[in-house]
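Note sheet for the following structure.
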Amino acid sequence: MKDHVLIFDTTLRDGEQALPASLSVGQKIRIARQLAQLKVDVIEAGFPISSPGDFISVETIAKEIRGPIICGLARAVEKDILSCAAALRRAKRPRIHTFLGTSTIHREKKLRRSQDEILAMVAHSVKLARSKCGDVEFSAEDAGRTERDFLCKVVETAIGNGARTVNIPDTVGYTTPEIFASIIDDLMNRVPNIDKAVISVHCHNDLGLATSNSITAVKHGARQVECTINGIGERAGNAALEEVVMIMNVRRDYLGVTCGVETTEIMRTSKLVRDVCSMPVQANKAVVGSNAFAHSSGIHQDGVLKFKSTYEIMTPQSVGLLENKMNLTSRSGSHMVKTRLASLGYDDKSIDLPAFHAKFKALADKKGTVYDDDLVVLMEADTVEEMADTYRLTYLNVTGGMGIIPTATVRIASDGKSQQEAASGDGVVDATTRAIDRVVGLAIKVKDYHLDAVSEGREALGRVKIVAVAPEGTFTGVGTSTDIVEASAKAYMDVVNKICRMRKYAPKLRGKRARASL
Ligand SMILES: [Zn+2]
């Protein structure tokens, strides 16, 4: 497999740790399932020692997802490696990924260890990991700023002790393509046992070079690329999977390598990650931005289809962008809805079609035409709740306008009882959250409020995202409705229920979690 490049997805580890609030186990499973559909080679599911929540996520993904290798991250210390091995126990194809800082700045300022001590730690941790798992990856953290001779020794030691993959991360996004190429060349030429392992790269985008650096490394012999969907990740993010994969596909003539990713699943994965993580994708983002293929309709209209390749280096279909604009309305039967869902990737046998169709009809009656995005939102709303909500909003009435004090009345059901409260505020949304506060009695402070239209038309679904701080931590709540006050109320209720869930199910999850600076 000399010309095959492995795609290592770290959306659930590097990507997730950069989000303002952690994803739930259920949300991570949904993304992991889609990553398996996308046919990535490795899913880095999390950093098990960092928090009980992360441990459970890795454990659940290891148990439920089949196909890709399931990888967990561990610092080069015993307790991390043992915790990682335990979380991966049920995986069919587990991988332990252990890492250690190797640059001068990491050695002297962070670890306070000499070069020899670092080499001993590498040997010990890789050996320990290998005793627990046949597939071990070692990362030389901050490799981009590590002295070349020493980096060669580190890589040789890791491979000598059983690492099958050695990762060269540009942790701080500092390198440039030529410099990175020379690092890979040096490793290829100077590490005597280099043929016993796959060289991997993990690039950050602080200077906008993550994709360029990754692709250059591939040209120089790296055979695994670590990346994330939509390029999400620490600070400016990681190399974007969709870019790396499409470069390999579109420029196979130049790179001469292949990868196993099912490119027609790219768009669906991108949208799922965008929605689950509440991280919007910029319109001009390569491959997955809403404008990335905007010219194609222009070409279509001008009737110059025969010159398509002049303008198109890849087709929208190749990344799974559906051009099907078949309109769904309240007259659409359940079979048609099912067909549409299947084309959006929802062919899971677990869908309760009659129940979903009833929800669909309710939306269609309100909205007229139901677009693909509406279906996705409805679908996600159908499956997003992994645990029952403590509170349910059953009634909302607001009054506002010029010269009227904004007031809201809410009725909230909980434990078979219903409670009603009213409040005034600076605008109807503020009045609504105050009225909800009076019922639930939690100390919630809204830090960020964001409103997006998620589908087309005047009756488009509005999606409100609220980031809120409570003594239990930071929470993100999302609500969708054709009415923005209702969407805001739902988003706020989402926060309320997440806080209740946190109190009820995982008191241990409170407090800070460790972060990996890979
Ligand atoms: Zn990273």
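The values are calculated or read from the model by the stated rules, or taken from the named source; none is laboratory data. In this text, all values refer to a predicted model and were calculated from it rather than measured experimentally. Because the Cβ atoms are built from the backbone with ideal geometry, glycine has one as well, and the counts that use them run over all protein chains shown.
What the table below lists for this structure:
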| read-out | value |
| --- | --- |
| Residue within region 188-197 that is of a type in the set (S, T, N, Q) and either crowded, with 22+ Cβ neighbours inside 10 Å or in contact (Cβ under 8 Å) with a residue 40 or more places away in the chain (or both) present | no |
| So ALA21, is it away from the ligand (no atom under 14 Å from the Cβ) and at pLDDT below 90 | yes |
| Single unsatisfied condition, THR102 versus (1) more than 30 Å from ILE466 (Cβ to Cβ); (2) crowded, with 20+ Cβ neighbours inside 10 Å; (3) within 18 Å of the chain's Cα centre (by Cα) | (3) |
| Options ALA45, ALA62; residue that is outside any helix (DSSP H, G or I) and buried (at least 21 other Cβ atoms within 10 Å of the Cβ) | ALA45 |
| Residue that is of a type in the set (A, V, I, L, M) and either closer than 16 Å to LYS2 by Cα or within 14 Å of the ligand (Cβ to nearest atom) (or both), where the choices are ILE232, ILE266 | ILE232 |
| Single residue of region 177-207 satisfying the filter (of a type outside the set (A, V, I, L, M, F, W, C) and in contact with a helix residue (DSSP H, G or I) (Cβ under 7 Å, 6 or more places away or on another chain)) that is farthest from the ligand (Cβ to nearest atom) | PRO192 |
| Filter result for the condition that a residue is under 23 Å from ILE69 (Cβ atoms) and surrounded by 24 or more Cβ atoms within 10 Å (Cβ to Cβ), over ASP170, ASP135 | ASP170 |
| Conditions (1) under 22 Å from the mean Cα position of the chain (by Cα); (2) over 22 Å from LEU375 (Cα atoms); (3) hydroxyl-bearing (Ser, Thr, Tyr): number failed by THR480 | (2) |
| Wholly within region 92-197, strands (runs of 3 or more DSSP E) carrying at least 3 residues that are more than 21 Å from ALA239 (Cβ to Cβ) | 94-101 |
| Test: residue in region 83-90 that is touching a residue at least 12 places away in the same chain (Cβ under 8 Å), surrounded by 22 or more Cβ atoms within 10 Å (Cβ to Cβ), of a type in the set (Ser, Thr, Tyr) and more than 25 Å from ALA217 (Cα to Cα) | no |
| Any hit, region 461-472, residues being of a type in the set (A, V, I, L, M) and out of contact with any helix residue (DSSP H, G or I) (no Cβ under 8 Å at 6 or more places or on another chain) | yes |
| Residues located in region 8-30, provided they are under 30 Å from LYS219 (Cβ atoms) and surrounded by 24 or more Cβ atoms within 10 Å (Cβ to Cβ) | PHE8, ASP9, THR10, THR11, LEU12, ARG13, ASP14, GLY15, GLU16 |
| Selected residue (criterion: farthest from the ligand (Cβ to nearest atom)) from residues of region 24-42 that are part of a loop (DSSP other than H, G, I, E, B) and at pLDDT 95 or above | LYS39 |
| Cβ pairs under 8 Å, 6+ apart, first in region 416-428 and within 12 Å of GLY400 (Cα to Cα), second loosely packed, with under 13 Cβ neighbours inside 10 Å and β-branched (Val, Ile, Thr) | SER424/ILE405 |
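Conditions tested, residue by residue: (1) touching a Ser or Thr at 6+ places or on another chain (Cβ under 9 Å); (2) more than 21 Å from GLY221 (Cβ to Cβ); (3) more than 16 Å from the ligand (Cβ to nearest atom); (4) touching a residue at least 40 places away in the same chain (Cβ under 8 Å).
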position: ARG113; (1), (2), (3), (4): no, yes, yes, no
position: ALA123; (1), (2), (3), (4): yes, yes, yes, no
position: ARG130; (1), (2), (3), (4): no, yes, yes, no
position: VAL136; (1), (2), (3), (4): yes, no, yes, yes
position: ILE159; (1), (2), (3), (4): no, no, yes, no
position: ALA163; (1), (2), (3), (4): yes, no, yes, no
position: VAL172; (1), (2), (3), (4): yes, yes, no, no
